[in-house]
Amino acid sequence: MNEVAATDALARALAGYDRKTGGFFMERFFGCELSFDGESSAVRLEIEEFMFNSAGSLHGGVVAFLLDTAAGSLFKRANGPGYTLESKTQYLRPVGLGSATCKARFLKRGRLVSFVEAVLSSADGASAAIATSTWQTAGGTQLPVERRS
């Protein structure tokens, strides 16, 4: 593992973290670049070894994070705050070093509930994972925070 890359990623995440302005820690940590084009979003990043699982490919949790980030960012931009009701991920093939892009689009956009598809592609453009998810608009209510004693 490239310890310098991992240390740099942590420093970048800590320096840019600001939940109020969208500087979410995990997006900064992985070096995500988010963009929008009409009713779609894209998250791009460079895959580093510290993101790998023990088999030597991109960890499934990182894949799920990228799919959820692309879908959630699109939903929030179009509908405002919301949350995931359900998500299904299909892992198609491993992802190695290089750039990866995750694109999300609405399958059906509703006033309160929407359906989003996100596809993660590796540098060669081949699909590596697909997620479909159902999103609920928060409707101006604050989500409950569970407190632990």
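Odds and ends about this structure:
- The number of residues in the range 94-122 that are over 16 Å from Asp37 (Cβ atoms) and outside any strand (DSSP E or B) comes to 8.
- With respect to being surrounded by fewer than 18 Cβ atoms within 10 Å (Cβ to Cβ) and either on the phi < 0 side of the Ramachandran plot or modelled with pLDDT under 90 (or both), Glu3 fits the description.
- Gly31 surrounded by fewer than 18 Cβ atoms within 10 Å (Cβ to Cβ), closer than 28 Å to Thr7 by Cα and touching a residue at least 24 places away in the same chain (Cβ under 8 Å): no
- Which numbered condition Leu14 misses (of (1) under 12 Å from the mean Cα position of the chain (by Cα); (2) in a helix (DSSP H, G or I)): (1)
- Residues that are of a type in the set (Asp, Glu) and either within 25 Å of Asn2 (Cα to Cα) or in contact with a strand residue (DSSP E or B) (Cβ under 6 Å, 6 or more places away or on another chain) (or both) are absent from the range 68-84 altogether.
- Here Gly56 meets the list (1) part of a loop (DSSP other than H, G, I, E, B); (2) of a type outside the set (Phe, Trp, Tyr); (3) out of contact with any Gly (no Cβ under 8 Å at 6 or more places or on another chain) almost entirely, failing just condition (3).
- Qualifying residue in the range 66-80 (condition: farther than 23 Å from Ala138 by Cβ and either surrounded by 18 or more Cβ atoms within 10 Å (Cβ to Cβ) or aliphatic (A, V, I, L, M) (or both)): no
- Count of residues meeting criterion [surrounded by 14 or more Cβ atoms within 10 Å (Cβ to Cβ) and touching a residue at least 24 places away in the same chain (Cβ under 8 Å)] in the range 93-116: 15
- Matching residues in the range 72-98 - criterion: being among the hydroxyl-bearing types (Ser, Thr, Tyr) and modelled with pLDDT under 95: Ser73, Tyr83, Thr84
- Unique match (being modelled with pLDDT of 90 or more and of a type in the set (Asp, Glu)) among Asp37, Asp8, Asp18: Asp37
The values are calculated or read from the model by the stated rules, or taken from the named source; none is laboratory data. It should be emphasised that the depicted structure is a prediction, and the values quoted were computed from it without experimental measurement. For neighbour counting, all protein chains shown are included, and Cβ atoms are generated from backbone atoms with ideal geometry for every residue, glycine included.
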